[in-house]
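The values are calculated or read from the model by the stated rules, or taken from the named source; none is laboratory data. Not measured: the values here are computed from a predicted model. Note that we place each Cβ from the backbone using ideal geometry, even for glycine, and neighbour counts take in every protein chain shown. Ligands, DNA and RNA are stripped out before the accessible areas are found, and what is left, the full protein with its side chains, is counted by its heavy atoms. Shrake-Rupley method; radii C 1.70, N 1.55, O 1.52, S 1.80 Å.
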Amino acid sequence: MNKNIIEIKNLIKLYDDGNTIALDNLNLEIKKGEFISIIGPSGSGKSTLLNMLGALDQADEGSINVAGYDLMEKKDFSHFRSKEIGFIFQLHNLIPNLTVSENVQIPMIHTYISDEDMVKRANNILESLNLSSKINQFPTKLSGGERQRVAIARALVNHPSIILADEPTGALDSKTGDVILDVLKKIHKAENVTLILVTHETYVADMADRTIEVRDGQITNSK
Amino acid sequence: MKYRNLILKNIFRNKARSSLAMIGIAIGIATILGLGLLTDGLSTSTEQALTAGAADFSVVSASSNGQGGGPGGFGGSQQLINETTVNKIAQISGVESVAGILRSSISDDSTNSTNNTDQQPSSSNSGQPSMTMPATVLGMDSKNLEMYDVKVTNGSTYSSANEVIIGKTAAESQNKTIGDTVTISNETFKIVGIYETGETMQDNGIIMSLSTLQNLTNNTGKVSSVLVKTADSSIANKTADTIESTYSDLSTSTSLSGIDRMNSGMDIIKSAVWGISILAIFIGGIIVVITMIKSVSERTREIGVLKAVGWTKKWVMVMIIGESLILALIASIVGILVGVGVVEILSLSNMLQFIQPTYSLTLFIKALGIGLLMGVIGGLYPAYRASRLAPTEALRYE
């Protein structure tokens, strides 16, 4: 039985000087290697939850422990994000003046990986995502699906233990979206990485091992 | 990919904006360097002109009333110094050259000459009107004229006992010119040259050889003052002190008004140059700040991504400052080249006839340093802003 990689207890996140409750006493446990989908309407708190898990934002109350890190501590979690988390956004957010390979190398720049290994590692991942012919191209020359695959490569390059994907198919057509989901599923299986995917589409959510429904900052259903 | 490669790529991603910023900084640096080259050149040229051969100070007898020595000293009772003392002063450490001067006062009225120097209308034999004689007759060796700031502007200097040169003011007021004669103490002298010192009072006199005036005034072996030029102007005061402490009967006067005025004038020019330079730095700095703020603003989402993938605040800050610094470095090099080029063109086209630009490593280092400082200071605020961006807000930025 796998151990919990994420443990959240009574998590509260407030905005607008406490007038808006984004997360309301939320409790959640996720095991290492699980594929979790989070669904819910707009403004339900699913993206806020994802930001808390990736230490992009900090909760006001409660406890949140991810991959052994206490994310309620008042400190910089850059190292945690670099080592444990791979982010995939709805918009690819690639840097336009860098080549595909260079974009993938960005998370490795401040690690102790040599330049040569950096290039090798980035190109290997791009090859596994069928992007070997695009390595030296700039993002503007790629299709939407290709750009998102580059973003996936960037998220995977530091071998994170958790991938946080915020509506990764939201900006893609259904056919391209399916390709991306297929890629994510394969990675999840091959790497035994914990995959947490935020979506508002039920058919995407159903691909996960477990679906968590969030409403008004609380988990209303987990199946 | 190396961190520095990312910085370099970021600088040139918006070529138009970066070029504009570089032009702004380059103009600032070119201004600073160009003005620096010219003011240093002006300072050197002026100093050379003023101190080329001039004495640093004069020595007079301590019991004189203090007016017998340097420029501006006229008349008054004076105690004379033995010429042997002149030779002794020449032996003192730091003294490069010395010149003994004998000064003789004469009355303005040609018919009532003083007991020292009698004078007669010089051109009585040539039919010229009766003249009012110059107030001062100086005796000094012709090779020492430069030490007294005397320039023969017309004719030549005296080479025999019966030749003299006359000051420009005296020549004009007495209607004398080269070839005319003057009579002093019943001795007739031929005017062979007209001199100028730049001071009207000094130019209202006659200069002849030292031995001639000594004989004329029965002061053989005596001088009124000794002009002293040191090997280095910076030790003039120290050398003067040494002379005063060695010879209690002598006193020195180091007030060389020309150099003082030059220094004062140069201080004003340098202040103005600094004022312009500070303005150029300010404008350059503002351009860097605006450029970098715009650059950071355009890349807000990217900075959010960098933070999401694990970049620390420090790395983001160093990246932005690095971009600003390299931008300023390139612009500074361009500015230096432009500054030197413009000054050289002006120099070659004879628009700077009296100023020879002075190139010094210090000036180039200063220009480069100011450029880099502009880059660091200009990049500091945008870098701070970028580093403080909350990742979640940055990622939502449209």
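How many residues are closer than 21 Å to B:LEU306 by Cβ and open to solvent by 20 Å² or more (accessible area, probe 1.4 Å) if we restrict to the stretch A:45-61?
Our first condition is that a residue be closer than 21 Å to B:LEU306 by Cβ; within the stretch A:45-61, this holds for A:47, A:50-58.
Filter again for open to solvent by 20 Å² or more (accessible area, probe 1.4 Å), leaving A:47, A:51, A:57-58.
Counting residues in the stretch A:45-61 that are closer than 21 Å to B:LEU306 by Cβ and open to solvent by 20 Å² or more (accessible area, probe 1.4 Å) gives 4.
So which strands (runs of 3 or more DSSP E) are wholly in the stretch A:1-108 and hold at least 2 residues that are touching a Ser or Thr at 6+ places or on another chain (Cβ under 7 Å)? Let's see the steps before the verdict.
Details: elements: A:4-15, A:20-31, A:35-39, A:61-66, A:85-88.
Qualifying strands (runs of 3 or more DSSP E): A:4-15, A:20-31, A:35-39.
Okay, residues lined up against (1) more than 30 Å from B:GLN356 (Cβ to Cβ); (2) open to solvent by less than 50 Å² (accessible area, probe 1.4 Å); (3) not assigned by TED's automatic domain parsing to the domain that holds B:VAL340:
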{"site": "B:ASN10", "(1), (2), (3)": "yes, yes, no"}
{"site": "B:ARG13", "(1), (2), (3)": "yes, no, no"}
{"site": "B:ALA21", "(1), (2), (3)": "yes, yes, no"}
{"site": "B:LEU42", "(1), (2), (3)": "no, yes, no"}
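Among the residues in the stretch B:300-309, are any of a type in the set (D, E, K, R) and not in a helix (DSSP H, G or I)? Within the stretch B:300-309 (the criterion being of a type in the set (D, E, K, R) and not in a helix (DSSP H, G or I)), the answer is no, since none of the residues qualifies.
Restricted to the stretch B:280-305, and to residues there that are open to solvent by less than 30 Å² (accessible area, probe 1.4 Å) and among the charged types (D, E, K, R), the residue that is nearest to the other protein chains (Cβ to nearest Cβ) is B:GLU302.
With the requirement that a residue be open to solvent by 10 Å² or more (accessible area, probe 1.4 Å), within 14 Å of chain A (Cβ to nearest Cβ) and touching a helix residue (DSSP H, G or I) at 6+ places or on another chain (Cβ under 7 Å), what does the stretch B:315-325 give you? Let's see the steps before the verdict.
From the stretch B:315-325, those open to solvent by 10 Å² or more (accessible area, probe 1.4 Å) are B:315, B:317-318, B:321-322, B:325; that's our starting set.
Checking which are within 14 Å of chain A (Cβ to nearest Cβ) leaves us with B:315, B:317-318, B:322.
Correct list: B:MET317, B:GLY322.
Within the stretch B:206-217, the only residue that satisfies the criterion of being within 14 Å of B:VAL152 (Cα to Cα) and touching a Leu at 6+ places or on another chain (Cβ under 6 Å) is B:ILE207. You will find that of A:VAL104, A:VAL119, the residue that is surrounded by 22 or more Cβ atoms within 10 Å (Cβ to Cβ), within 12 Å of chain B (Cβ to nearest Cβ) and at pLDDT 90 or above is A:VAL104 and no other.
Among the residues of the stretch A:107-116, which ones are at the interface with another protein chain (Cβ under 8 Å from one of its Cβ atoms) and of a type outside the set (Val, Ile, Thr)? Break it down stepwise before answering.
Pass one, the stretch A:107-116, residues at the interface with another protein chain (Cβ under 8 Å from one of its Cβ atoms): A:107, A:109-110, A:115.
A:PRO107, A:HIS110, A:ASP115, listed by residue number.
Among the candidates B:ALA308, B:ALA328, B:ALA367, the residue that is within 14 Å of another protein chain (Cβ to nearest Cβ), in contact (Cβ under 8 Å) with a residue 12 or more places away in the chain, surrounded by 18 or more Cβ atoms within 10 Å (Cβ to Cβ) and of a type in the set (Gly, Ala, Ser) is uniquely B:ALA308.
So is B:THR254 modelled with pLDDT under 90 and under 29 Å from the mean Cα position of the chain (by Cα) or not? Answer is yes for this residue.
All of A:ILE64, A:ILE21, A:ILE38 fail the test of being open to solvent by 60 Å² or more (accessible area, probe 1.4 Å) and of a type in the set (A, V, I, L, M), apart from A:ILE21.
The one condition from (1) among the basic types (Lys, Arg); (2) at pLDDT 90 or above; (3) more than 16 Å from the chain's Cα centre (by Cα) that A:LYS175 does not meet is (2).
With the structure loaded, tell me whether A:ASN97 is open to solvent by 10 Å² or more (accessible area, probe 1.4 Å), in contact with a Lys or Arg (Cβ under 8 Å, 6 or more places away or on another chain), within 9 Å of another protein chain (Cβ to nearest Cβ) and under 19 Å from B:ARG396 (Cα atoms) or whether it fails that test. In short, no. Which condition number does A:ALA122 fail, the rest of (1) more than 23 Å from A:GLY43 (Cβ to Cβ); (2) assigned to a loop (DSSP other than H, G, I, E, B) being met? With (1) more than 23 Å from A:GLY43 (Cβ to Cβ); (2) assigned to a loop (DSSP other than H, G, I, E, B) applied to A:ALA122, the lone miss is (2).
Just name the residue that is farthest from B:MET317 (Cα to Cα) out of those in the stretch B:331-364 that are in contact (Cβ under 8 Å) with a residue 60 or more places away in the chain and of a type in the set (Ser, Thr, Tyr). Give the steps one after another, and end with the answer.
Of the stretch B:331-364, the ones in contact (Cβ under 8 Å) with a residue 60 or more places away in the chain are B:331-332, B:334-336, B:338-340, B:342-343, B:352, B:354-360, B:363-364.
Next, from what is left, pick out any that are of a type in the set (Ser, Thr, Tyr): B:332, B:358-360.
Working: B:SER332: 22, B:THR358: 39, B:TYR359: 37, B:SER360: 35 Å.
Only one residue tops the list, namely B:THR358.
Report yes if some residue within the stretch A:201-208 is assigned to a strand (DSSP E or B), surrounded by 18 or more Cβ atoms within 10 Å (Cβ to Cβ), touching a residue at least 24 places away in the same chain (Cβ under 8 Å) and not aromatic (Phe, Trp, Tyr); otherwise report no. The answer is no, given that none of the residues of the stretch A:201-208 is assigned to a strand (DSSP E or B), surrounded by 18 or more Cβ atoms within 10 Å (Cβ to Cβ), touching a residue at least 24 places away in the same chain (Cβ under 8 Å) and not aromatic (Phe, Trp, Tyr).
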